[in-house]
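Structure first, then comments.
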Amino acid sequence: MSLRNKKSFSYNFRIRYSEVDAQKIVYNSHYLTFLDVSIFEFFDAIGFNQEDYIKKTNNEFHTVRAVVEYKAPATLGDTIEVLTRIKKIGNSSITFQQEIYLYESDRLLATGEIVWVNTNQKEMVPTTVPDYLRELLKDYQD
C-alpha cells in the first residue's frame, strides 16, 4: 500500500545538474541522500532537534541498514517528492519506510527502507529510543 494513503511526511527536491549523469538521469547514490535529508527534515518538522539530543544525552542515531529499490529514473529539472513514515520502532532502532515520486504525480521512482540504531557514543553500544521521541513519532506509525 502506498504511503500516499497513510499519514506521511513529505519533502521535495529539485534535481540539479550535479546529481545527474551524461544522460541527465540521477545517479543511484543520490537517492540515499534524498532519503537521508528527508529523515532529517522529518525530525525537524516534528520538533526533534538531533544536535540538541546528541549534546544532552551523548547518544546519536547511526544508519545500520539502507535499501533502495529503483522503479523509474528521475531526470534533470524534475521535482521529486519523498514521503517518509515509521515502519517500526524497536528497543534501540527506528525503521523508516520511504517512497520517492515525481512531484504531483503517482509515478513511483524509488522506495527505501532505512534503519537507525540509537547508540551511546561513549560506550558505542545501542541504547533505548527515548519515550518522548516515540511519542513524537506515533502519528506516523502503523
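The values are calculated or read from the model by the stated rules, or taken from the named source; none is laboratory data. This is a predicted model, so every value here is computed, not measured. Neighbour counts are summed over all protein chains in view; Cβ atoms, including those assigned to glycine, are modelled from backbone coordinates with ideal geometry.
Is there a residue in segment 66-79 that is in contact with a helix residue (DSSP H, G or I) (Cβ under 8 Å, 6 or more places away or on another chain), closer than 29 Å to Tyr132 by Cβ and not aromatic (Phe, Trp, Tyr)?
Yes; the residues of segment 66-79 include at least one that is in contact with a helix residue (DSSP H, G or I) (Cβ under 8 Å, 6 or more places away or on another chain), closer than 29 Å to Tyr132 by Cβ and not aromatic (Phe, Trp, Tyr).
Do any residues in segment 80-109 that are over 19 Å from Lys6 (Cβ atoms) and among the small types (Gly, Ala, Ser) have Cβ atoms under 6 Å from those of residues that are at pLDDT 95 or above and surrounded by 20 or more Cβ atoms within 10 Å (Cβ to Cβ), where the two are at least six apart or on different chains, and which pairs are they?
Pairs that qualify, where the first residue is over 19 Å from Lys6 (Cβ atoms) and among the small types (Gly, Ala, Ser) and the partner is at pLDDT 95 or above and surrounded by 20 or more Cβ atoms within 10 Å (Cβ to Cβ), are Ser92/Asn118.
Are any of the residues in segment 68-78 closer than 19 Å to Thr127 by Cα and either surrounded by 19 or more Cβ atoms within 10 Å (Cβ to Cβ) or touching a Lys or Arg at 6+ places or on another chain (Cβ under 7 Å) (or both)?
no
Looking at Val129, Val117, Val125, which is the one that is closer than 14 Å to Thr57 by Cα, surrounded by 17 or more Cβ atoms within 10 Å (Cβ to Cβ) and among the β-branched types (Val, Ile, Thr)?
None of the others qualify; the one that does is Val129.
So which residues in segment 23-47 are in contact with a helix residue (DSSP H, G or I) (Cβ under 9 Å, 6 or more places away or on another chain) and surrounded by fewer than 16 Cβ atoms within 10 Å (Cβ to Cβ)?
Lys24, Tyr27, Thr33, Phe40, Asp44, Ile46, Gly47
Do you know which residues across segment 3-22 are part of a helix (DSSP H, G or I), surrounded by 11 or more Cβ atoms within 10 Å (Cβ to Cβ) and at pLDDT 95 or above?
Within segment 3-22, just Glu19 meets the criteria.
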